[in-house]
Amino acid sequence: MAHSAWPEWIYVGVVIALMCWVGAEAWEAERLVEHYPEDAHVIKVTGQQWFWTFEHEDGTKEIGELHVETGKAYKFEVTSKDVNHSFNIHDYVVLMDAIPGRVNHVWFAPDKAGEHDIQCREYCGLIHYNMRGKLIVEDPSS
Amino acid sequence: MVLELQKPRPIWQIMFSTHHTDVGLLYLIMSLGFLFLGGALALAIRAELFLPGSQIIGDAMTFNRMFTVHGTTLIFLFIIPFASAVGNYFVPIMVRYKDMAYPKLNAIAFWLIPPAGALIWLGFADFTWYATPPYSIISAPGPAADMWIFGLKILGISSILGSINFVVTIMRCKHPDMSLGQVPLLAWSFLTSSLIILVAMPTFAAALLMLLTDRLGVSGFFNPAMGGDPIAYAHLFWFTFHPEVYVLVIPAIGMMYEIIPRFSRKPIHSYQSGITAFVLLSIVGFSSWAHHMYATGMSFTEKTVFMVGTLAAVPASALHVFNFVATMWNSRIRFSTPMMWAIGGIALFFSAGAGGVANAAMPLDFTTHDTYWVVGHFHLFVMGTIAFGSIGYLYYMYPYVTGRMYNETMGKVHFVMSFIGTVMVFFTQHVLGLYGMPRRIYDYPPIPEWITMNQIASIGAMIIGVSMAIFLANMIYSAGKGKPANIEDPFGVGGRYYYPFEAKNPHH
Ligand code: HEM
Ligand SMILES: [Cu+2]
Ligand SMILES: [Cu+2]
């Protein structure tokens, strides 16, 4: 059956253009996200079945809870002691897999005092569902 | 005329047969059995998540085993064998050959599946459908985990044998008068999906063996404690299983290519672009696997490469949608049950693809990855597109298999309920993901938004469950008592039903 092909070409053209646009926006946004601030404080994050441990630059350790201050940037060094986990603060779009034998990086800069959930987003066994913690953002004390 | 269920034959005659329609019938019945088994697990999972706290499943381990076996069952024991059923029935007829190219191999490929299914169900492993190390090596309880590995190994062999058969049947056994450019699109869908399997599956087969020896402690490929790397497994797994998602979806699209023109009473808008889209998908599908791994710590460049690879496959999927819509445009559509399923499936295919594009855009994926968004995304494919296309096709081939008609009203009620249920479950799960609910969790904190969304999803699942009971009743009852089909044109759409059905291959 004879039919004209141009609507199909236009359609494919539109889809390709849309994909190029999505790709370009995503590329640009990800590039900015991956630009680590130089003065970021390093926090070592270790996942293990089934809790999170945090170690600040000054050596203080916290389990299950993480205290940070507004106005500072933090760089997480994420790893695991046993199986894969995924370190997640959903409210700040912080997500990075915790993989034994590797150290992955992700950063964030909290802007408002408050409490946020920390959770594990990669299946890690029996209590995966409750591998949760709290992020506590405070205004600088001084 | 030879119709399977019209002339009763002893069951063993069908079981030991190598005739393509008999093997097709075995595939059909087995895959539907697993559809209901896997579906029952889904209902239990949804009931558990109706409220925070423990509901009907006593402990987290049982829950984890249930979603693992649910996913494994519906992908490997329903979707793939169902497609094989359709392929067995129709590919030889479409290429006008007397049987599959290797009938014995065909029967062997089928008979590998029940033992594999038994291993998976009797083991009831808990390490999710991708068995990620090191969890699967050092933490997952045996013998369930080992039984799952063996089960998958056998299924891999079965699908490789099946694929060889389809490729040879189509390429070598088609009627000499018929060029490849005349083979119906459904047969093309089997050709392309089988070729994908042949290229993709060996990688996973190797990874499974390595996983097994790692579990036995004789190697440490993926075990960091022995110098191995779990990320290597993720690459091997997704190198197989991203292309595999096209293996699942392509035959379902092929089935829609049979249904849509037939019930639009118009030839397909463009046969050529259907082929082009199949071939493109099967090639470009290999360039996107690590979009499942954005959060594993890949470099910016790696992520960009796989994002581009993923987006590059989208126009090919979109071509199919155009083809369907253009075929239905300005046509006299007959809204029989198969057509309703196909149209619903196309609508959900479109929504699923839109969600997939969001996953592919790397910064957005850090919001959606491993949340319920992803569960919603791929279920719009596996349920909304593939199961819808398959069930629509089952209604369509029903008169062909049984010589009788199903009950049309029940078929339509089945569709309407399933469609509403599917939207309720899987659109809602996208929203749940945006609220941050991780997937694969047995229990969740009582966050009001999470509770509401989970309840909508659970009610949707129950609606699907009820509709499936109606479906089962319809299939069983009508096979014996349905009104005899007018086999020339059972749906009253004009033209011949199917391929010259007198030409149906005699039993040998
Ligand atoms: C428009 C085409 C598609 C795009 C752009 C797309 C994109 C994606 C992306 C980026 C992910 C990773 C999400 C994440 O884990 O964060 C994903 C997951 C997934 N997709 Fe798609 N996809 C498409 C089509 C399909 C099709 C046709 C299927 C067929 C069945 C499918 C099945 C899946 C499955 C099973 C997963 C998740 C696997 C898992 O983590 O358990 N997708 N998709
Ligand atoms: Cu975890
Ligand atoms: Cu994928």
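A few remarks follow.
- Boolean, residue B:222 is part of a helix (DSSP H, G or I) and either under 17 Å from residue B:312 (Cβ atoms) or within 11 Å of chain A (Cβ to nearest Cβ) (or both): no
- Of the residues making up the stretch A:107-125, those that are within 16 Å of ligand 2 (Cβ to nearest atom) and outside any loop (DSSP other than H, G, I, E, B) number 4.
- When residue A:135 is tested against (1) more than 9 Å from chain B (Cβ to nearest Cβ); (2) within 11 Å of ligand 2 (Cβ to nearest atom); (3) touching a His at 6+ places or on another chain (Cβ under 7 Å), exactly one condition is not met: (2).
- Selection of first residues in the stretch A:20-34 that are touching a residue at least 12 places away in the same chain (Cβ under 8 Å) and facing chain B (nearest Cβ under 8 Å) and of second residues that are of a type outside the set (Phe, Trp, Tyr) and not in a helix (DSSP H, G or I), restricted to Cβ pairs under 6 Å at least 6 apart or on distinct chains, gives an empty result.
- Selected residue (criterion: nearest to residue A:47 (Cα to Cα)) from residues of the stretch A:96-132 that are in contact with a strand residue (DSSP E or B) (Cβ under 7 Å, 6 or more places away or on another chain), of a type in the set (A, V, I, L, M) and within 14 Å of chain B (Cβ to nearest Cβ): A:98
- Residue satisfying all of: in the stretch A:47-79; away from chain B (no Cβ under 14 Å) and among the β-branched types (Val, Ile, Thr); nearest to ligand 2 (Cβ to nearest atom) among these: A:53
This table checks each residue for (1) more than 16 Å from ligand 3 (Cβ to nearest atom); (2) among the aromatic types (Phe, Trp, Tyr); (3) buried (at least 24 other Cβ atoms within 10 Å of the Cβ); (4) closer than 22 Å to residue B:90 by Cα.
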position	(1), (2), (3), (4)
B:255	yes, no, yes, yes
B:260	yes, no, yes, yes
B:302	no, no, no, no
B:315	yes, no, no, no
B:329	yes, yes, no, no
B:347	yes, no, no, no
B:360	no, no, yes, no
B:369	no, no, yes, no
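- Residues in the stretch A:17-66 that are touching a helix residue (DSSP H, G or I) at 6+ places or on another chain (Cβ under 8 Å) and closer than 26 Å to residue A:128 by Cβ: A:49, A:50.
- None of B:441, B:464 is crowded, with 19+ Cβ neighbours inside 10 Å and within 14 Å of chain A (Cβ to nearest Cβ) except B:441.
- In the stretch A:80-95, the condition of being buried (at least 19 other Cβ atoms within 10 Å of the Cβ), within 7 Å of chain B (Cβ to nearest Cβ), over 21 Å from residue B:232 (Cβ atoms) and aliphatic (A, V, I, L, M) is met by at least one residue.
- Qualifying residue in the stretch A:57-75 (condition: closer than 30 Å to residue B:141 by Cα and surrounded by fewer than 17 Cβ atoms within 10 Å (Cβ to Cβ)): yes
- Just one residue in the set B:192, B:203 is surrounded by fewer than 22 Cβ atoms within 10 Å (Cβ to Cβ), within 21 Å of the chain's Cα centre (by Cα), of a type in the set (S, T, N, Q) and assigned to a helix (DSSP H, G or I); that residue is B:203.
- Verdict on residue B:308 being in a helix (DSSP H, G or I), more than 16 Å from ligand 2 (Cβ to nearest atom) and over 22 Å from residue B:185 (Cβ atoms): yes
- When B:254, B:228, B:274 are screened for being more than 13 Å from ligand 1 (Cβ to nearest atom) and at the interface with chain A (Cβ under 9 Å from one of its Cβ atoms), only B:228 passes.
- Residue B:359 being near ligand 1 (Cβ under 10 Å from one of its atoms) and assigned to a helix (DSSP H, G or I): yes
FYI, it's all coordinate maths here, none of it is from the lab. Given the structure is predicted, the values throughout are model-derived calculations rather than measurements. Every residue, glycine among them, receives a Cβ derived from its backbone with ideal geometry; neighbour counts consider all protein chains shown.
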